[in-house]
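Every number in this text was worked out from the coordinates using simple rules, so none of it is lab data. No experiment lies behind these values; they were computed from the predicted model shown. As a convention, Cβ positions derive from the backbone with ideal geometry for all residues, glycine included, and neighbour counts pool all protein chains shown.
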Amino acid sequence: MATVTGALGRKPLGLLSRNPADPRAHVDWGLIVGVLLLVGGGLVAIYTATYQNRTIAGLDTYYFVKRQGLALGVGLVGICVLDLSGRRWTRPVFTYSLVYMALLFALFAVSPFLP
């Protein structure tokens, strides 16, 4: 008997054990790296924008960087919780958040004209 190799050969074991329904199989690594680079650039910009004034005042120069990092951490935990909890109830939450955002936008757009 002849053995067939090439395109019909054996697959690596890593490919055989991967479940295509697993959410980790559909991660866009380019997007994650891009977002992390933007976040890092934003933290550097915050630090450089506040360094001189906070140094002159004798205050912690990393204060705003820490606050932004804390907000980033809370946001990442929230995203992970939403991602791992399933998709059934996220659609109404997303809809309500869009309505809330539209109401806030309308409020801020009209507020300069209010007495």
*Mind listing whichever residues of segment 73-98 are surrounded by 10 or more Cβ atoms within 10 Å (Cβ to Cβ) and either touching a Lys or Arg at 6+ places or on another chain (Cβ under 6 Å) or more than 25 Å from Ile32 (Cα to Cα) (or both)?*
Tyr96
_With the structure loaded, tell me whether Gln68 is without any contact (Cβ under 8 Å) to a residue 24 or more places away in the chain and surrounded by 10 or more Cβ atoms within 10 Å (Cβ to Cβ) or whether it fails that test._
no
*Filtered residues of segment 53-68 (kept if in contact with a helix residue (DSSP H, G or I) (Cβ under 7 Å, 6 or more places away or on another chain) and assigned to a helix (DSSP H, G or I))*: Arg54, Tyr63, Phe64, Val65, Gln68
